[in-house]
Amino acid sequence: MRTVLLSVLALLAAGATQAQTQAPAPAAPAASADAPSDGRDFCAQRPGRVTPPCVIDAGRLQIETGLVDAVFQHSDGVHSDLYAVGATELRLGVAKRVELEASWTPVVVNQTRGQPHESGTGDASLAVLVALTDPDKMGVAVSAQPFVTLPTATHGLGAGGWTGGARLPIAVPLNDGFALGLTPEVDVLRNAGGGGTHAAWIGAASLSRGFGPLTLGAELWGQVEDDPAGTVRRATADLIGALMVGKTLQFDAGANFGLNRQTPAAEVYFGISKRF
């Protein structure tokens with residue numbers, strides 16, 4: 001499976017490199033003063049671990065829902081599966097460069113083989129996405145996204161307390177329909193043993209290409225936690241796909257594959273996003 005993922009990454013990268021050598025990147029023209037009636041192009045924060053920097057238009061509401069998300073962890077003879085159903089994020093544009101975000105997972109089920117399963121609700125989170133570049137101009141886009149996670153989960157199914165962090169979403173358009181996405185992130189997480197917090201450093205990079213209404217991509221993601229109980233390193237190679245139906249509806253799917261023993265072996269998910 002890792003060979004397949006690396007092959008996909010290599011093919012995407014090769015296509016992007018070839019496209020760049022064929023013609024120089026075009027200058028980023030300013031958007032028309034007369035914006036189209038349907039507003040900015042549709043842009044969801046799912047699928048994938050890379051967060052796009054796009055901000056939705058002021059006064060618009062976008063709902064993004066993970067219909068099913070399943071994580072499979074097999075380590076030291078223990079088989080543990082985690083399922084999240086209906087994880088929903090609300091995004092509300094409040095200014096040209098600013099949107100407010102709120103998310104919550106209503107159903108979480110943790111099943112460890114040989115033990116009774118645990119079920120309940122997940123944590124909620126609040127965030128602000130602020131565009132640092134003009135969201136109505138083409139070219140490289142950068143935003144800032146501070147967030148906080150509220151301990152609303154059923155005991156044992158969430159972070160175990162208040163957490164938070166900040167992301168710096170970056171998008172770089174390439175030639176021939178390719179796009180590069182980057183998301184450096186720093187989090188404050190709860191200690192595994194309780195009674196304090198520690199820092200976590202996260203990075204994600206994606207390469208994607210549009211094929212009409214269909215977008216396909218591959219990602220690499222990594223995380224380093226400075227937990228007092230011991231440093232934790234996780235990494236995945238991911239595949240993502242999204243299909244637009246009209247201008248305001250998207251269906252998506254993705255699969256993440258662990259690259260070391262501290263990372264869940266696999267994760268698969270399906271979702272839908274709609275702008276109003």
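Looking at the square roots a ≥ b ≥ c of the eigenvalues of the Cα gyration tensor of the range 131-181, which shape do they give, rounded for a/c under 1.5, prolate if a/b is larger than b/c, or oblate?
On the way: a/c = 4.82, a/b = 2.61, b/c = 1.85.
Taking the square roots of the gyration eigenvalues as a ≥ b ≥ c, the range 131-181 is prolate.
Give me the angle, in degrees from 0 to 90, between the Cα long axis of helix 2-22 and the longest principal axis of the Cα atoms of the chain, rounded to the nearest 10.
So the helix axis and the longest Cα principal axis differ by about 20 degrees.
Would you mind putting 134-147, 191-204, 42-55 in packing order, based on average other-beta-carbon counts within 10 Å, highest first? Provide the component values of the computation, followed by the final result.
Details: 134-147: 16.6, 191-204: 14.1, 42-55: 22.4.
Going by the mean number of other Cβ atoms within 10 Å, highest first, we get 42-55, 134-147, 191-204.
If you average 1/r across every pair of different Cα atoms in the range 218-266 and take the reciprocal, what Kirkwood value do you get, in Å?
Details: mean 1/r = 0.0788 Å⁻¹.
Taking every pair of different Cα atoms in the range 218-266, averaging 1/r and inverting gives 12.7 Å.
What number do you get for the range 48-154 when its Cα radius of gyration is normalised by 2.2 N^0.38 Å, N = residues?
Numbers: Rg = 17.4 Å, N = 107, 2.2 N^0.38 = 13.0 Å.
This ratio for the range 48-154 stands at 1.34.
Ranking Lys247, Lys274 by Cβ neighbours within 10 Å, fewest first, what do you get?
Working: Lys247 13, Lys274 16.
Fewest to most other Cβ atoms nearby, the residues stand as Lys247, Lys274.
Within 13 Å, Cβ to Cβ, of Asp134, how many net charges do the neighbouring residues add up to if Lys/Arg are +1 and Asp/Glu are -1?
Numbers: positive: Arg40, Lys96, Arg97, Lys137; negative: Asp136.
Charge balance in the 13 Å sphere: +3.
When mean projected area of the Cα convex hull in nm² is calculated directly from the model, which label among [x] 18.3; [y] 15.2; [z] 14.3 fits?
Identified label for the calculated read-out: [y].
Rounded, prolate or oblate: which fits the range 110-200 when a ≥ b ≥ c are the square roots of the eigenvalues of the alpha-carbon gyration tensor, with rounded for a/c under 1.5 and prolate only if a/b beats b/c? Intermediate values should be presented prior to the final figure.
Numbers: a/c = 2.89, a/b = 2.08, b/c = 1.38.
The shape class here is prolate.
Below 8 Å, C-alpha to C-alpha, sequence gap of six or more: please give me the relative contact order for the range 92-160 in percent. Don't skip to the answer; put the middle values down first.
Working: 132 pairs, mean separation 21.0, N = 69.
That works out to 30 percent.
Any number yet on Rg/Rh for the range 152-276, C-alpha, Kirkwood? Write out the running numbers ahead of the final one.
Details: Rg = 17.1 Å, Rh = 16.6 Å.
Taking Rh as the inverse mean 1/r over Cα pairs, Rg/Rh reads 1.03.
Coordinate-derived values only; no laboratory data. Values in this document were obtained by computation on a predicted structure and should not be read as measured data. All Cβ positions, even for glycine, are placed from backbone atoms using ideal geometry, and neighbour counts span all protein chains on display.
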